[in-house]
Amino acid sequence: MSWKITSNAQDQSQLLVDESLFSQGNGYLGVRGNFEEGYAKDMKSIRGTYINAFHDIVPIEYGEKLFGFPDTQQKLVNVMDTQSIQVSLDGEVFSLFTGDVLDYKRLLHMDKGYAERTVHWRSPGGKEAEITFNRLISFVHKELFVQWIEIKPLSEIEEIHVESSINGGVTNYVDADDPRVASGHAKRLHVTDVFTEGDVSGVVDETEVSQLQAAAAVTLRAAGSVIDRGSSSDAESVRETLRFSGDQPIMVEKWTVFTDTYRHGDEVKHEAITRLKGLSETSIEHILTGQQSYLDEFWKTADIQISGDDLLQEGIRFNLYQLLQSVGKDPKSNIAAKGLSGEGYEGHYFWDTEIYMYPPFLMTDPAIAKNLLLHRFSLLDAAKDRAKEMGHRQGALFPWRTITGGECSAFFPAGSAQYHISADIAYSFIHYYLTTGDRSFMISHGAELLVETARLWIDAGHMKDDQFRIDDVTGPDEYTCIVNNNYYTNSMAKYNLEWAVKAMAIVKEDDPSSYESLVRKLGLEGQELDQFQAAAMKMYYPYDDTLGIQAQDDTFLNKQVWDLEKTPKEEFPLLLHYHPLTLYRYQVCKQADTVLSYFLLEDEADEETIRRSYDYYEKVTTHDSSLSYCVFSIMAAKLGYENKAYHYFIETARLDLDNTHKNTKDGLHMANMGGTWLALVSGFGGMRVKETGLHFAPRLPKEWDELRFHIRYHDRLIAIDMTTNQTEYTLLEGEPLHFFHHGEELELVSTAIKH
Ligand code: BGC
């Protein structure tokens, strides 16, 4: 069932989308699915290769710059292009846009981990060949990108030329009309070295301001009757040419290794060459076998199967696969909003990680999840500095968007004002503890982060009329900015405050000497934990008695309601058609806000309030952000709104494959991809992790006969198989455990239990 994504598109707009869909990556390196040979002259392509977190620093230009606005931002840099390969048959250069394309197909193999493109081409002069381009980014050797090209002559051909190039003189993509894409600073690199040493050639690039270097070292291997080979170079690029006699099939392998100063020390060129040489005895078959074993392991736990809908199944697998391709697996990196598939949001990390993309890893591969936490933890000092810069006397304020810890948001109402990101990060640390039971990580990292984020709330909020209030922040909904007492922010801050106290109690109980040193490190004053507890207890939640719902904030429900029905379709997303102030003046939501809090902290409100609120907010939500559908799907499932749950789920599953948000060309919507997992597992599976334990409340959509998934919890591996009449839980690894099925406590022992 559906392990392949296919396309035979040749038209401009779908090709741009396919560049994102067919991108290859491994969390360190990402290469867009561009054509090796390029496109027709007047065609547009976003040609890109990215190294996670490899960035330059660019100035932020403001019309009016006020105090505390960041001066600069980090920007993911498009590094050297090593994808390019030209093929000519008796002097006629192959292109999909000349001659005749007699057959064409492109495939992404999600079980084997590589992409393939086969063209049966007849040149304008009548030469025919079948040309297959394969490419793979290794999950085993993170620096390796390998391409192999097979050419089968299908007519008389005297000579076949293959020219491979490496170009260091690349630029980033800009679009001045779309705020979700960078509007300037395209050229961020210069070439410092172009080299050929024996059979290895390459380029070293350096960023303008951050002065990070990246190197690419390339070697070609050929099979077939080679007539000769040669190479040439200029100031920014190297080319290598192979001439073959055209009377038999040929194969050219292009092995490329990338390194960067951020991970590999200063000798990036030497490192790249050494690593490449280290692979000289390795074959493509060997790399494919390694890739397959890695993916077998991944899919064993991560795969989610549904029965009865192949297109949805394809979407589910695609989204999970792309999450794996995007997630940083070293402590220098995280998951960018577009992964490594494009330049939208400039390679920045947002709250998208903690709330949307981290949960699938936490529940299927906790080691990757832990790495994400370690990365955030490494930015804690920067978050403390940012809090100071923003006028706070204490605490950690994580930036809204960042790569290395500095705030990259230039539009503070919908950026820096989203203080909730600090509570979201705290939430992810708490859930790591609740899901893995890893007390030592709480001692070494979690407690410190929870205290520093809790301190922020104490400073940002204040007591009034015996209530703890947090003024002038923005919640997740970016169409409603700078408000007092955003319910989402207040509820998440409350959880953060409570858990700072609990975390310190865990440390004290488990390891009194670590407790003492942590207290010293934090300079924790005697009354601080009481202060956290009191603020949590007195946390104010705006509530509307007439409607019987939680108000999104103090003033949201007093505003005029935006008439969504009368808004022409072409005006969505509203952010591209209305001034922010217009949007702020209305009850209109870009995305789930209060409803999201009901998912993350469902015990903070009773079910009838949740239901009424859901009904209310659904009517004023545009889902202009792709982070919205999954939340509405999960909550609809909880409330028994079967059709809605299903409808919103469908929106998440194929959002990029069907380009429904119309901007997949700028990169994949990674948070939504995490949202697909959440909608399946926490929506239809009803899974929640709480202090009381592991909870399920399965509700299979009537459209399916079966939904199967796995989760890891406290060193157990559990298989969940939902069918129309029952759910079967099977303990595959680990000791028996108690869990809850629709509120009923059950014990899972080694055999399956059916409910
Ligand atoms: C959403 C944010 C999100 C960002 C990056 C915006 O459109 O409103 O919630 O963090 O995209 O994905």
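The values are calculated or read from the model by the stated rules, or taken from the named source; none is laboratory data. A quick note: this is a predicted structure, and the numbers were derived from the prediction, not measured. Don't worry about glycine lacking a Cβ; one is built from the backbone with ideal geometry, like all the others, and counts go over all protein chains shown.
Being in contact with a Gly (Cβ under 9 Å, 6 or more places away or on another chain) and among the hydrophobic types (A, V, I, L, M, F, W, C) is the filter; apply it to the range 183-210 and report the residue that is farthest from Val238 (Cα to Cα).
Leu189
Just a yes or no: is a residue in the range 439-446 more than 27 Å from the chain's Cα centre (by Cα), within 16 Å of the ligand (Cβ to nearest atom) and modelled with pLDDT of 95 or more?
Let us first name the residues in the range 439-446 that are more than 27 Å from the chain's Cα centre (by Cα), namely 439-440, 443.
Applying the additional criterion that residues be within 16 Å of the ligand (Cβ to nearest atom) yields none.
Looking through the range 439-446, none of the residues is more than 27 Å from the chain's Cα centre (by Cα), within 16 Å of the ligand (Cβ to nearest atom) and modelled with pLDDT of 95 or more.
Which residue out of Phe441, Phe411 is farther than 25 Å from Tyr487 by Cα and surrounded by fewer than 24 Cβ atoms within 10 Å (Cβ to Cβ)?
Details: Phe411 fails: farther than 25 Å from Tyr487 by Cα.
Among Phe441, Phe411, only Phe441 is farther than 25 Å from Tyr487 by Cα and surrounded by fewer than 24 Cβ atoms within 10 Å (Cβ to Cβ).
For the range 175-228, enumerate the residues that are within 18 Å of Arg263 (Cβ to Cβ), among the small types (Gly, Ala, Ser) and part of a strand (DSSP E or B).
Gly202, Ala214, Ala215, Ala216, Ala217 - these are the residues of the range 175-228 that are within 18 Å of Arg263 (Cβ to Cβ), among the small types (Gly, Ala, Ser) and part of a strand (DSSP E or B).
For the structure I just gave you, tell me whether Gly99 is in contact with a Ser or Thr (Cβ under 6 Å, 6 or more places away or on another chain) and either farther than 23 Å from Thr207 by Cα or buried (at least 19 other Cβ atoms within 10 Å of the Cβ) (or both).
yes
Okay, residues lined up against (1) surrounded by fewer than 19 Cβ atoms within 10 Å (Cβ to Cβ); (2) of a type outside the set (Gly, Ala, Ser); (3) under 27 Å from the mean Cα position of the chain (by Cα); (4) over 30 Å from Tyr321 (Cβ atoms):
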site: Ser95; (1), (2), (3), (4): no, no, no, no
site: Ser123; (1), (2), (3), (4): no, no, no, yes
site: Ile157; (1), (2), (3), (4): no, yes, no, yes
site: Asp175; (1), (2), (3), (4): yes, yes, yes, no
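Among the residues in the range 460-477, are any touching a Cys at 6+ places or on another chain (Cβ under 7 Å), within 16 Å of the ligand (Cβ to nearest atom), touching a residue at least 12 places away in the same chain (Cβ under 8 Å) and in a loop (DSSP other than H, G, I, E, B)? Even if it seems obvious, please write down each step before you answer.
Initially, the range 460-477 is screened for residues touching a Cys at 6+ places or on another chain (Cβ under 7 Å), giving 474, 477.
Restricting the remaining residues to those that are within 16 Å of the ligand (Cβ to nearest atom) gives 474, 477.
With the extra rule that they be touching a residue at least 12 places away in the same chain (Cβ under 8 Å), the set shrinks to 474, 477.
So of that shortlist, the ones also in a loop (DSSP other than H, G, I, E, B) come out as 474, 477.
The answer is yes; a qualifying residue exists.
Just for the range 518-539: of the residues that are within 16 Å of Leu449 (Cβ to Cβ) and surrounded by fewer than 15 Cβ atoms within 10 Å (Cβ to Cβ), which one is nearest to the chain's Cα centre (by Cα)?
By that ranking, first place goes to Lys521.
In the range 457-469, what residues are surrounded by fewer than 24 Cβ atoms within 10 Å (Cβ to Cβ) and on the phi < 0 side of the Ramachandran plot?
Ile458, Asp459, Ala460, His462, Met463, Lys464, Gln467, Phe468, Arg469
Pairs please, first residue from the range 336-362 and among the hydroxyl-bearing types (Ser, Thr, Tyr), second anywhere and in a helix (DSSP H, G or I), Cβ atoms under 6 Å, 6+ apart in sequence or on different chains.
What qualifies is Ser341/Ser20; Tyr356/Ala671; Tyr356/Gly674; Tyr356/Gly675; Tyr358/Ala369; Tyr358/Leu372; Tyr358/Ser428.
For the range 635-678, what are the residues that are more than 25 Å from Val31 (Cβ to Cβ), more than 15 Å from the chain's Cα centre (by Cα) and within 16 Å of the ligand (Cβ to nearest atom)?
Passing the criteria: only Glu651.
I want to confirm something. Restricting to the range 414-433 and keeping residues that are within 14 Å of the ligand (Cβ to nearest atom) and surrounded by fewer than 24 Cβ atoms within 10 Å (Cβ to Cβ), which single residue is farthest from the chain's Cα centre (by Cα)?
Ala417
When the residues of the range 318-345 are narrowed to those that are among the charged types (D, E, K, R) and surrounded by 24 or more Cβ atoms within 10 Å (Cβ to Cβ), which ends up nearest to the ligand (Cβ to nearest atom)?
Step by step, filter the range 318-345, then rank; the result is Lys338.
What is the residue count in the range 563-574 for residues that are outside any helix (DSSP H, G or I) and within 16 Å of the ligand (Cβ to nearest atom)?
Qualifying residue count for the region: 2.
Can you tell me which condition Lys44 does not meet? The list is (1) within 23 Å of Trp121 (Cα to Cα); (2) in contact (Cβ under 8 Å) with a residue 40 or more places away in the chain, and all the others hold.
For Lys44, the exception is condition (2).
Considering only the range 371-408, state which residues are among the polar types (S, T, N, Q) and surrounded by 19 or more Cβ atoms within 10 Å (Cβ to Cβ). Steps first, please.
Restricting attention to the range 371-408, the residues satisfying the condition of being among the polar types (S, T, N, Q) are 371, 378, 394, 402, 404.
Scanning the range 371-408 gives Asn371, Thr402.
Of all residues in the range 575-589, which are within 13 Å of the ligand (Cβ to nearest atom) and assigned to a strand (DSSP E or B)?
Passing the criteria: only Cys589.
All but one of (1) crowded, with 17+ Cβ neighbours inside 10 Å; (2) in a loop (DSSP other than H, G, I, E, B); (3) away from the ligand (no atom under 16 Å from the Cβ); (4) not acidic (Asp, Glu) hold for Leu276; which doesn't?
Looking at each condition in turn, Leu276 falls short on (2).
Kindly provide the set of residues from the range 618-633 that are more than 16 Å from the ligand (Cβ to nearest atom) and either of a type in the set (Lys, Arg) or crowded, with 24+ Cβ neighbours inside 10 Å (or both), ordered by number.
The answer is Lys619, Ser633.
Just name the residue that is surrounded by the fewest Cβ atoms within 10 Å (Cβ to Cβ) out of those in the range 253-273 that are of a type outside the set (Ser, Thr, Tyr) and in a helix (DSSP H, G or I).
Ranking the qualifying residues of the range 253-273, first place goes to His270.
Are any residues in the range 377-408 more than 16 Å from the ligand (Cβ to nearest atom), under 25 Å from the mean Cα position of the chain (by Cα) and aliphatic (A, V, I, L, M), and if so, which ones?
Those that are more than 16 Å from the ligand (Cβ to nearest atom), under 25 Å from the mean Cα position of the chain (by Cα) and aliphatic (A, V, I, L, M): Leu379, Leu380, Ala382, Ala383, Ala396, Leu397.
Which one is surrounded by the fewest Cβ atoms within 10 Å (Cβ to Cβ) among residues in the range 578-596 that are over 13 Å from Asp553 (Cα atoms) and of a type in the set (S, T, N, Q)?
Thr582
Restricting attention to the range 162-216, which residues are in contact (Cβ under 8 Å) with a residue 60 or more places away in the chain and among the hydroxyl-bearing types (Ser, Thr, Tyr)?
Within the range 162-216, Ser164, Ser165, Thr171, Tyr173, Thr207, Ser210 qualify.
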